[in-house]
Structure formats: C-alpha cells, structure tokens
Amino acid sequence: MHIKITDVDDSFEYVTSSSVNTAYRETITSITGLRKDAVDLQMVVNEPGTITVSYILNIPEASMKAVEESLKKETTESFNAKLTHEIDEMVGPGVHTQKVLSIELESDDGTIAVGGAPHGFALHLSFVTFIIAAAAL
C-alpha cells in the first residue's frame, strides 16, 4: 500500500512523527478491521514536499475478502476524512492537512503475495497505493 503525499512544509518532521505514523495506522485499521499489529507502514521522502507512505497488511486468509471489499469501498474523500480526523486527534486540529489524490489496491506487479505462518495460519501481504497531498501548517 503506497500513499503519495505532496505539499508537506516539513517532510522530515511529518515522516518522523510517531503521532502521524499512529494516525495512518489507526486510519487503515478502522477501515479494514485488522489488528494494529497486522499493519506496518513506511514513510519515505521522495523529494522536498513529496512523501510516499507504504502499508503492508498481514491479512488472515479467512479475512482477505472482507478486507479487500472494505478497501475497494474507500474513496479518496472518505479516506482523507478519516486520516484528517486521526491526525487531528493525534497532533491537534489543523497542524497537518492532506488530500488523498488516488487509491491503488494492488502492488506494482499486480500480485498479492501469500506466505505461510506458524501453525498453518496464512498471511496475505497486500500493497495498496494512496496518493495524498499534505501540508503542515
């Protein structure tokens, strides 16, 4: 899952903020119903003011369809509203703003990797792309 963010005043502060990171995790767990420990993310500054956020979702095989459907129902507007709410809760209203520009539900090569886990519990790793314009005030 990749999120592209633009118009960030202080990209370094944004990507290193544990509060912003937590807000991104909270947003995706509220959408998917996954546990927090099933969500990982990485934020990378592409160039000044532009950030890519990559999500890795560890999805139990039995939940894959429900999670996929939840993600497919998300619009850029609804994801942005949820993210704004979570960031405002974490750092205060108006400290950071962003706008989701697009959502992509597959990895770059169009595959969803499946791996084995202890005791035969299958995990699906799904990569989704959200492109977000964000600005720190």
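The values are calculated or read from the model by the stated rules, or taken from the named source; none is laboratory data. Model, not experiment: these values are computed from the prediction. All Cβ positions, glycine included, derive from the backbone under ideal geometry; neighbour counts span all protein chains shown.
Residue count for segment 40-69, restricted to those that are of a type outside the set (A, V, I, L, M) and within 18 Å of F12 (Cα to Cα): 8.
For segment 40-60, the set of residues classified as free of Cβ contacts under 8 Å to residues at least 40 places away in the same chain and under 16 Å from T22 (Cβ atoms) consists of D40, Q42, M43, listed by residue number. Tell me, which strands (runs of 3 or more DSSP E) lie completely within segment 1-75 with 2 or more residues that are farther than 21 Å from V91 by Cβ and out of contact with any helix residue (DSSP H, G or I) (no Cβ under 6 Å at 6 or more places or on another chain)? Those strands (runs of 3 or more DSSP E) span 39-47, 50-60. Among residues of segment 11-39 that are touching a residue at least 24 places away in the same chain (Cβ under 8 Å) and over 22 Å from E61 (Cα atoms), those with a beta-carbon under 8 Å from a residue that is of a type in the set (D, E, K, R) and surrounded by fewer than 19 Cβ atoms within 10 Å (Cβ to Cβ) at least six positions away or on a different chain give the pairs A23/E89. Of the residues P118, P60, which is at pLDDT below 85 and out of contact with any strand residue (DSSP E or B) (no Cβ under 6 Å at 6 or more places or on another chain)? Answer to the check: P118.
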